[in-house]
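What follows is one structure encoded as structure tokens, with my remarks underneath.
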Amino acid sequence: MKITDKLVLFFSKKDVCSNFYPCYLSYDGHEFNCSEQLFMYLKALFFNDSIMATNILKSKTPQEAKRYGRMVRNFDAQLWDNYKDDVMLEAIKTKYSCCVSFRKFIDEYKDKTFVEASPYDKIWGIGLSETDPDATDPSKWKGENRLGKCINKFIEIKYNKNNVK
């Protein structure tokens with residue numbers, strides 16, 4: 001993790017902002033071992049795939065949950081693209097309410113911009129590692145940073161930042 005005066009860049013599963021960070025979450029009567037598992041479970045529910053939802057619930061690792069999430073039946077990429085940020089926001093909200101270390105971290109750095117510095121992911125991340133000199137310059141990012149944007153949106157909602165005059 002790299003923290004600057006304006007940014008929180010994260011990627012490792014050891015970073016509390018990562019969806020792979022191990023933390024126990026409770027959602028709708030079910031227990032999850034990380035927010036990635038919850039996100040994939042919600043994805044399966046969104047597409048009415050109860051078999052994959054059950055497999056995801058039984059997953060022991062974030063990688064296993066992600067693998068099952070990629071097998072969700074009835075998947076429609078265009079439809080998912082319209083709703084995946086809302087689903088991720090729900091996972092972040094749940095993580096914030098259940099994971100003390102995430103809550104403390106978000107509260108401490110709420111005035112910074114969160115950035116998933118994944119060199120491999122250009123949708124949820126920025127397509128650059130936190131050690132890349134371009135990672136601290138948003139104009140040079142190669143990815144959308146959707147995970148970071150969802151965390152930032154959660155912070156805006158929680159702290160009512162858009163309504164401050």
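Return the total of residues in the stretch 45-87 being farther than 18 Å from Gly29 by Cβ, in a helix (DSSP H, G or I) and among the hydroxyl-bearing types (Ser, Thr, Tyr).
Residues in the stretch 45-87 being farther than 18 Å from Gly29 by Cβ, in a helix (DSSP H, G or I) and among the hydroxyl-bearing types (Ser, Thr, Tyr): 2 in total.
Before we move on, is Asn160 out of contact with any His (no Cβ under 7 Å at 6 or more places or on another chain) and modelled with pLDDT of 95 or more? Talk me through it step by step, then tell me what you get.
Working: out of contact with any His (no Cβ under 7 Å at 6 or more places or on another chain): yes; modelled with pLDDT of 95 or more: no.
The answer is no for Asn160.
Identify the residue in the stretch 1-40 that is among the polar types (S, T, N, Q) and over 14 Å from Cys99 (Cβ atoms) and, among all such residues, is modelled with the lowest pLDDT.
Only one residue tops the list, namely Ser12.
Out of curiosity, is Ser59 open to solvent by 10 Å² or more (accessible area, probe 1.4 Å), small (Gly, Ala, Ser) and in contact (Cβ under 8 Å) with a residue 24 or more places away in the chain?
no
Quick one: in the stretch 1-31, which of the residues that are over 19 Å from Asn152 (Cβ atoms) and of a type in the set (Phe, Trp, Tyr) is most open to solvent (accessible area, probe 1.4 Å)?
Tyr24
All but one of (1) within 19 Å of Lys13 (Cα to Cα); (2) surrounded by 14 or more Cβ atoms within 10 Å (Cβ to Cβ) hold for Val100, so report the exception by its number.
Single failed check for Val100: (2).
Taking Asp49 and the conditions (1) over 15 Å from the mean Cα position of the chain (by Cα); (2) open to solvent by 10 Å² or more (accessible area, probe 1.4 Å); (3) not hydrophobic (A, V, I, L, M, F, W, C), which numbered condition does it fall short on, given that it satisfies the others?
In the conditions (1) over 15 Å from the mean Cα position of the chain (by Cα); (2) open to solvent by 10 Å² or more (accessible area, probe 1.4 Å); (3) not hydrophobic (A, V, I, L, M, F, W, C), Asp49 misses (2) alone.
Examine the stretch 114-137 for a residue that is within 16 Å of Glu156 (Cα to Cα) and either modelled with pLDDT of 95 or more or surrounded by 21 or more Cβ atoms within 10 Å (Cβ to Cβ) (or both), and state whether such a residue exists. So that I can check it myself, show each step before the final result.
Filtering the stretch 114-137 for residues within 16 Å of Glu156 (Cα to Cα) gives 114-115.
Keeping just the survivors that are either modelled with pLDDT of 95 or more or surrounded by 21 or more Cβ atoms within 10 Å (Cβ to Cβ) (or both) gives 114-115.
There is at least one residue in the stretch 114-137 that is within 16 Å of Glu156 (Cα to Cα) and either modelled with pLDDT of 95 or more or surrounded by 21 or more Cβ atoms within 10 Å (Cβ to Cβ) (or both).
Looking at the stretch 126-149, which of its residues are among the hydroxyl-bearing types (Ser, Thr, Tyr) and more than 11 Å from Lys2 (Cβ to Cβ)?
Result: Ser139, single match.
When you scan the stretch 121-133, do you find a residue that is in a helix (DSSP H, G or I) and either farther than 23 Å from Trp80 by Cα or without any contact (Cβ under 8 Å) to a residue 60 or more places away in the chain (or both), even just one?
Within the stretch 121-133, the first condition is being in a helix (DSSP H, G or I), and the residues that meet it are 133.
Pick out the ones that are also either farther than 23 Å from Trp80 by Cα or without any contact (Cβ under 8 Å) to a residue 60 or more places away in the chain (or both) and you get 133.
Within the stretch 121-133, one or more residues are in a helix (DSSP H, G or I) and either farther than 23 Å from Trp80 by Cα or without any contact (Cβ under 8 Å) to a residue 60 or more places away in the chain (or both).
In the stretch 24-40, what residues are over 13 Å from the mean Cα position of the chain (by Cα) and of a type in the set (A, V, I, L, M, F, W, C)? Spell out the reasoning first.
Filtering the stretch 24-40 for residues over 13 Å from the mean Cα position of the chain (by Cα) gives 24-33.
Across the stretch 24-40, the qualifying residues are Leu25, Phe32.
Does the stretch 88-118 hold any residues that are among the hydroxyl-bearing types (Ser, Thr, Tyr) and part of a loop (DSSP other than H, G, I, E, B), and which are they?
If the condition is that a residue be among the hydroxyl-bearing types (Ser, Thr, Tyr) and part of a loop (DSSP other than H, G, I, E, B), then Tyr109, Ser118 are the ones that fit.
The values are calculated or read from the model by the stated rules, or taken from the named source; none is laboratory data. Quick caveat, the model's predicted, so the values are computed rather than measured. Counting neighbours? That spans all protein chains shown, and the Cβs are built from the backbone with ideal geometry, glycine included. Accessible surface areas use protein heavy atoms only, side chains included; no ligands, DNA or RNA. Shrake-Rupley method; radii C 1.70, N 1.55, O 1.52, S 1.80 Å.
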